[in-house]
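See structure below.
The values are calculated or read from the model by the stated rules, or taken from the named source; none is laboratory data. From a predicted model like this one, the values you see are computed outputs, not experimental measurements. Here the Cβ positions follow ideal geometry from the backbone for every residue, glycine too, while neighbour counts run over all protein chains shown.
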DNA sequence: TCCAAATCTTGATCTGCGTCAAAGTCTTGT
DNA sequence: ACAAGACTTTGACGCAGATCAAGATTTGGA
């Protein structure tokens, strides 16, 4: 089911965000050594499922490059995306043995994985890891709650604007660009199909398509092809999203 | 703004869930002593706001008794509840100095609080606290994501059934009753007004009222007065919620 | 006890988004 | 380069839930 290939363990650690973000900063070198031992890389192609909901989950890890989604599905096929995993995001749950969601690679994807049991043992011995994971999980919880407002109370147009502004912001932070500079034109590639956007926003793909067209017609966004977006005025987009213009809810 | 009264510190610790759930189980006695020193109780009346979004947050804590809600509000007044805090739930975020949501007591409420800075220092020194908080936060994240499916993809009727089944389950677990016993009639008081239910479900209060009436007419629930609910068949309710009947998504 | 305010129910009507349908445009493999 | 499939756009129409409105019931304070 999982056609992954392991990458060389000797691959440069700078590419592994968990080293940087979750562990490195405050750990002793022997702990880093131990982490190194249980670390491995996995590669997935666009469209591949990383893990199915309910599957036994034998690793935790984080996204090195590419984009993955967390999705829930009802018996009758209705689908809701509950998370968007960009580089540096953590996947998996220490203390839980089976996956709660489908994880799907939407682009080619590289993950940095740790075997779960050794990782958990290490977490027990290394306080900073649990503290760092707590911090990351609280951020995710905030993002999930912000998204509840989007899903429960925003119109289709506001939903699209919210999604675009999140992607713009996260894309900018990955590439270390500044999204809040006034007058700046922001440009990025949409990493999601219209259907994936619909699943994230609780809409149909037709409605997504219509609202994207409407935002383009109104000059809020510009499109080259279907995927390349430029945002001439970030403040305007945030207004359309229903957020206050000063950096917004997801700051 | 906060008309709280501190309760005696000598109040029986059995009433303070964080002692049990977050700290006690694995801590040394001197750590418990230190926690005891920074602990205090606060009482709120139904309808009082515990803290406003954006306020400086000088404590973390957990609910001892009563019910509180976390809500977000847009500038134009649209409101979305993003969390329901029942006894034992943790509030606040180590490492963040201002509140991200309004916290409102919907019934009379007692909270067990810890001053934030000493709590954070203690967390640094006491690995089990961060580990326990991580576990609790991951549970909350799962609950938030389950709720995203409710908000994004369920019909009004399914939303009401989902809310009732969650409340039934949580109420049962607080009172140590078994909700999954087949044939068992389950009874509880709704702790939320129709408007609060609407804010949680992303609906209007009129729609909530209509769907509650419809579920009653169809025999899925029984009502005495407006608030006292009995569920003659939990499996039936879970079907109406769109969950699989075997314990459901929130198990 | 009684009045006023809060909460809840129900009805009539409206509308944003879903559904169904068809055609257009990219992508990919040969 | 071309064909087949995947993805996207656009149109016509219907419906679930919102909105507006009027009462009914419950709650709480004087």
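Structure above, values below:
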{"read-out": "Every residue from region A:135-153 that is surrounded by fewer than 23 Cβ atoms within 10 Å (Cβ to Cβ), closer than 23 Å to residue B:78 by Cβ and more than 8 Å from chain B (Cβ to nearest Cβ)", "value": "A:143"}
{"read-out": "Unmet requirement for residue B:115, which otherwise passes all of (1) in contact with a helix residue (DSSP H, G or I) (Cβ under 7 Å, 6 or more places away or on another chain); (2) closer than 30 Å to residue A:74 by Cα; (3) surrounded by fewer than 20 Cβ atoms within 10 Å (Cβ to Cβ)", "value": "(2)"}
{"read-out": "Matching entry among B:220, B:249 (being at pLDDT 95 or above and away from DNA strand D (no atom under 11 Å from the Cβ))", "value": "B:220"}
{"read-out": "So residue B:21, is it modelled with pLDDT under 65 and farther than 23 Å from residue B:190 by Cα", "value": "yes"}
{"read-out": "Residues satisfying the stated conditions in region A:154-182, i.e. within 14 Å of another protein chain (Cβ to nearest Cβ) and not in a helix (DSSP H, G or I)", "value": "A:154, A:155"}
{"read-out": "Check on residue A:121, without any contact (Cβ under 8 Å) to a residue 60 or more places away in the chain, more than 8 Å from chain B (Cβ to nearest Cβ) and surrounded by fewer than 22 Cβ atoms within 10 Å (Cβ to Cβ)", "value": "yes"}
{"read-out": "Only one of A:157, A:132 that is crowded, with 20+ Cβ neighbours inside 10 Å, in contact (Cβ under 8 Å) with a residue 60 or more places away in the chain and over 15 Å from the mean Cα position of the chain (by Cα)", "value": "A:132"}
{"read-out": "Residue in region A:47-93 that is nearest to DNA strand C (Cβ to nearest atom), counting only those that are facing chain B (nearest Cβ under 9 Å) and within 13 Å of the chain's Cα centre (by Cα)", "value": "A:81"}
{"read-out": "Filter result for residue A:194 (modelled with pLDDT of 95 or more and surrounded by 16 or more Cβ atoms within 10 Å (Cβ to Cβ))", "value": "yes"}
{"read-out": "Qualifying helices (runs of 4 or more DSSP H) (wholly inside region A:189-249; at least 1 residues being near DNA strand C (Cβ under 9 Å from one of its atoms) and free of Cβ contacts under 8 Å to residues at least 40 places away in the same chain)", "value": "A:194-201, A:205-217"}
